[in-house]
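Step one of this worksheet: look at the structure below.
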Amino acid sequence: MEKEKMKEKKQNNILELFKPYVPQAVTSRILEGQASLPSERSEATILFVDIKGFTELAGQLDPEKATEIINNIFAPIVGIIDKYGGSINKFLGDGLMAVFGTPFSHEDDPERAARASLEIMKSIEENGKTKIGSKTKSLKARIGINTGLCISGEIGSSIRKEFSVIGDTVNLASRLQANAATGKILIGEKTFHRIKDNFITSPPRKVKIKGKKDLVSVYTLKDEKKKISFLEQKKNSHSPFMGRQKELLVLKEALKKSYRSKGQLIEISGELGIGKSRLILELTKDSLAKEFNILSSHCSSWEESKPYAPLSEIFIKIFGINFDDDFNEIDKKIENKIKQIDSSLLFTSSYFSRLLSSRTKSLEEIMEQSKEVSNLLIRVMKKLLWSFSSQKPLLMIIEDLQWIDEASGEFLKQCSKEIKEYPILIICSVRESLRKEEPLAGSKRIKLLPLENAESDKLTRLLIKENNIYQLLKNRIISTANGNPLFVEEIVRGIKEKKISADKEGLTNYPEMFANFQIPDTVQSIARARIDLLPASLKEILYQASVLGRDIEIKLLQKITNLEDITLSEMIKKLQQYEFIEELERVPNSPQYFCFTHSIIQEIAYNSLLFKARKDLHEIIGSFIEEIYSSKIDAKIEELAYHFKNSDDQEKAVLYLNKAGDKAQSLYAFKNAINYYQDIIKILELRELEKEQLTQLSETYNKLAFSQSIVGGRKEAETNFTKALKYSRKTEDKDNESLILMSMGNLYGDTGQWDKAIEYFKNSLLISEEINNFKRKASILKGIGLACLFKGDTSTGYSYLKESINICKEIKASDVYAMALNNVGIYYDMLGRWKKAIEAYKESLSIAKKIKNIIVISNIMNNIGFAYSSLGESKQAIYYLKESVKIADKIGDIYNKGINYIHLGEEYLKKNEFTEVKYYIFHGEKIFDELDDKLGLADIYRLEAKLFKKLKRWKDSEIFFKKAIKIYLKFGDKINEGETHYELGDMLILKRDIDLAKKNLIKSQKILKNIGAKKHLIEIEEKLNNLKK
C-alpha cells in the first residue's frame, strides 16, 4: 500500500515536471510504460496566433527584456487554451500553434477554439503594452482557425521525438493567420459552419491562399452571440404552465388592445413564487407577441436608490450600448438610433447621454436650470418610447416593482396617464408583501392566487417522472405547498437530489427511503435545506456570490473567492446543475454574469452570513470594483455606494454616496438624491466631527435641502439649509456659505416671500464679492432683480438685472445671461413697453438657441408671443405661440402647451374666431385638469369669461371671471387678480351694472399700483372718469 502511494506520488511529480513542456497525453502514455504514442486520423481545430510587431520591437530591446515581455504575453494565453481543453502544440518565436480535438476530443472543440481566440485577443490587448522610453508600444495579434481532418502522433526518431499534428487543415490555419488583419480572427468555412449558431461573424469573402488553386471562403470572427435573455432563459428552463388561463386571457386581450394603439399598463401582483414571471413568459409565446419589440428589465434591492435603474437597462438595449463603450461611442450610438426612430427628437440625445454615461453636473449648474427641467428627462424618455413604438409595437416588462427607484416610479406614474394613445404594453410584476407604493393609477391589476389542489397535483405529476415516488409523496407535497408553484418545484428538486444520492448508493427501496422524508413548511425552509445539502466549498461560493446581489459578475466572484478560472468554472457549472444559478444574457464586450435562479436563494444565502463576514465581503467587493473598473468607475458609482455603505469603510461610503447623490441630482432624480444624502448624514453624525467632516456635513445638508425644495419638502429644506449654514460658518467656508445663502434666497423666492428672499440673496452677494465668484454674483443679482419685480419695485429690479447682464457679458456666462435678459423682458412687459420687451426676449432667445436650452427657448417663444399680442400684432403673436406649442409637443411639456393654448385662445378671440377659441379652451382645460393646476384653470376660466363677454352672455361671463379671481386670490397671484378685476369691471360697464363696475375697477387699480404693474392703469383711470360723468 505504501509502495503504491509512493509510486502515485512519483508519477504526479513527473506529470507536474513535464506538464509545461509535453502534452498530457504523451506523459500519460510514458507513465503507462508505452514506448510510443500511435498516430491517428482525427478531426481537430487548429489555432495559430501571431504577435504582430513583436519582431520589430525585440530588435530595439535587450534579448532578456524581449523574452520577459513575450513570456508575460504567453502566460495568460496558455491558461486560456488550457481552460478550454486545448493544448499548445508549439511556440513559434512570437507566435504559437494550439490544437483542440486531439489527443483529447470534445463535441464542441471548434466553439472552444473560437472562445479561446476571443479571450486571447483581449488578453493581448491588456498585457501587450510595453514602455520604451517615454512611449508606449501596444502589441496586437492576428489569429487563424481551421477545422478538418488531421494526422496526429509522433514525429521524429528514437533519439528525439515530438507529438504534433500535420495535414492540409494545419497548413490552411497557418495561412488564415497570415492573411488576417492585425487585431482580427480569420476562420475557415468548416469552422464557421460548426460555430455559426453561437458566434457573430462577418459575411464570407473569397481570398487567394498560397498553395490553393481556387479562392477560399473565409470569415472574420467578431464575438460570441448574446447569451439568452431573461425571457429566453425561462423558455429553456421553466416549469409547466399551470392554472393561469384566465389571467393569460386578460394579458392577451391587453396585447391586442396595445397592438391597436390602445396602450395598456398591467400590474401583476402576488407572493413569492406564485408564478408572476411564468405568466409573463407564457404571454411572450403568443403569436401576436412576435409582432412586438420585447424589452425586459428588473429592479433589485440594492438599486432602489439608483435613478432610472430599470429604464437605463431598457434604453441601453434600444441604443445598443456596450459596457466598454466610451463617452464618444455612447453619444454616437444614441444620436444614430434617435435619427432612425425620430430625427425631430435629436435634441434629446444630450439627456440620454447623461443618463447612460454617468456624467454629472455641479449643484450650482443644476440650480441655474429652469425648475421645469427636473421633469424634462422623464418627458424625453416617454417621447422616445412613443416614437419607438410607432415603428413596431412595444412590450416592456419590468420585474420586481417592489424595489423600483423613485425616479423610475415617477416615470411609470406619468406613463399611465398617456399610454392609451400608443401601441405599448407595459407589464410590471410586484411582490405583494414588499410593496411600498400604492398600485399605479390607471393600471389593470392581476392578483395571482394559489393554485387549486387539482392544478398542484397536475404540476407535481409533470415534475416527478417516477410514478411510484409521485404516488408516495403527492398528497404531502400538495398540502404543504399550498398552491405555490415555486414551493412545489423546490420540494421536487429536493426529492430529485435525494433520489440521485440514493441511486449512487444503489438504494432502490423508495417507500422506505422516503418514509421519513421531511418536507419543510415554507419555501424558504426548502431553499435553505437545499443550500445546506451543498458541499462546503460550493456553499461558501454561494454565500460569497450573494453579497454581489441578485446578479453575479464572474470577474468579481473570482477576485473574492481567489480561485483559478478552471476551478471556479467547474463550481459554477455545479451550482447551475443544482439549479441555484443560471447564466444571464451577455452584451458583447461586457463582463460575464450569472444570476440566482430566484431572489429567495440570494436572500437566504446573504442572510446566512454573519454581519462581520458580510461587511468584510462588501468592503472587499468595493475595493475590487475600484481596481477592475478604474477607467469606468463612474458607471459603477451606485454599486460602490451600496457596497461601502454596508461595509466598515465609512470614508469610502461617504465618498461614493456623495457621488451617487450628485449623479442623481444631475439626472434631476431628486428623490433618489435625497436618499443618498441622508445616508451620508447618518454616517457623519455618528463620527467625531473634525473640520473635514463639518465641511462634508455642510455641503451635504445644502444639497439635501436643495433636492427637498424641488420635490416640495420646503419646511424640511428650510431646516436643512439652516443646518448647512451653521456648519459652513463653523468651518469658515465662505464659498459654501455663499452658495447656501443663495439657495435659501431661491427657496423663499419660490414661496413668494420676496423680502426674505432679497435678504438672503444680499447676504450671499456680499460673500460672493469678497471671494470674487463673479458667475455666482451674476446669478444672485438676477435673483434679486426678479424678486424686486414681483415685489412691485420694478425700477430697483431692473437695475439689479442690468448689473447681472454686465457681469455675464464680461465673463461670458451664457446660461445666466439668457435668463437675466428674459427677466428684463418681464420687466418691460410689466411696464407695458412691449417693443422693448420683445427686444429683450429675442436677444435672450438667440443665446438660448446657442446653448441649446430647449426649455428656455420654449418659454421665451411664449413670452414673445404674449408681447406681440399686447402690441396688437396678432399674426406675429400666433406665429410665436404656435412655435412654442411645437417645442412643447416635442419635449412632452404639456404645461407650457396649456399656457400657449390660453394665449392662442386670446388671439383668436380678438379676431372673433369663436370656433378656434372654443377649441383652445376645451383642450387647455383638459390639460390643466390632468395636471391639477389651479392657476392654469383660473387662466382658462378667465378666457371663457372673455368669450361669454363677446357673446354678450353677461351672467356666464361674470360667473367665470369670479371663479378666476377666487383662485388668483387664494394663490396670491396679484397681477392676474388685478387684471381680472379690470376685465370684470369692463364687462359690467357693458352690462350697465355701474356700481359693481366701479368697485372692480377701483380694486384693480389698487392691486396693480401696489405691485408696480402699469399695464391697464391708464385705461382704468379713463373708465373711472367716464363713469363719474
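Values in this text are rule-based calculations from the coordinates and carry no lab data. These figures come from a predicted structure and were not determined experimentally. No Cβ is skipped: glycine too gets one built from the backbone with ideal geometry, and neighbour counts run over all protein chains shown.
Here are the numbers:
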quantity: Stokes-Einstein diffusion coefficient of the stretch 244-447, Kirkwood radius over Cα pairs, 10 °C, 1.306 mPa s, in µm²/s; calculated: 90
quantity: Cα gyration tensor of the stretch 924-969 - equivalent ellipsoid semi-axes, whole Å, descending; calculated: 20, 12, 6
quantity: Part-to-part distance (alpha-carbon centres) for the stretch 675-728 and the stretch 413-474, which is given in Å; calculated: 42
quantity: Karplus (6.51, -1.76, 1.60) ³J(HN,Hα), θ = phi - 60°, over the stretch 788-797, in Hz, Gly and Pro reported as x; calculated: 5, 4, 6, 6, x, 8, 5, 5, 5, x
quantity: Members of LYS83/LYS196; LYS83/LYS504; LYS703/LYS730; LYS782/LYS910 lying beyond 24 Å, as alpha-carbon distances in this model show; calculated: LYS83/LYS504; LYS782/LYS910
quantity: Mean shadow area of the stretch 534-599 over all directions, Cα convex hull, nm²; calculated: 4.3
quantity: Peptides ranked, highest mean first, by Cβ atoms within 10 Å: ranges 555-566, 599-610; calculated: 599-610, 555-566
quantity: Whole-number D in µm²/s for the chain (Stokes-Einstein; Kirkwood sum over Cα pairs; 37 °C, 0.692 mPa s); calculated: 96
quantity: From phi via Karplus (6.51, -1.76, 1.60), per-residue ³J(HN,Hα) for the stretch 77-90 in Hz, x at Gly/Pro; calculated: 5, 4, x, 5, 5, 5, 4, 8, x, x, 9, 6, 7, 6
quantity: Exposure proxy order (Cβ contacts within 10 Å, fewest to most) of LEU931, LEU584; calculated: LEU931, LEU584
quantity: Sequence ranges 685-698, 653-666, 739-752, ranked by mean other-Cβ count within 10 angstrom, highest first; calculated: 653-666, 739-752, 685-698
quantity: Cα long-axis angle, helix 914-931 against the chain (0 to 90 degrees, to the nearest 10); calculated: 50
quantity: Globularity ratio of the stretch 706-797, using Cα Rg and 2.2 N^0.38 Å; calculated: 1.05
quantity: Ranked by how many other beta carbons lie within 10 Å on average, peptides 908-920, 421-433 from highest; calculated: 421-433, 908-920
quantity: The chain: angle of helix 670-684 to the longest principal axis, Cα-based, in degrees nearest 10; calculated: 70
quantity: Acute angle (nearest 10 degrees) that the helix 894-910 long axis makes with the longest principal axis of the chain, alpha-carbon atoms; calculated: 30
quantity: Principal axis dimensions, largest first and in whole angstrom, of the stretch 709-757 by Cα; calculated: 31, 20, 14
quantity: Cα-based shape type of the stretch 655-779, given that a ≥ b ≥ c are square roots of the gyration tensor eigenvalues and the cut on a/c is 1.5; calculated: oblate
quantity: Å³ per residue enclosed by the Cα convex hull of the stretch 937-1016; calculated: 75
quantity: Cα centroid separation - the stretch 894-917 against the stretch 810-862, whole Å; calculated: 23
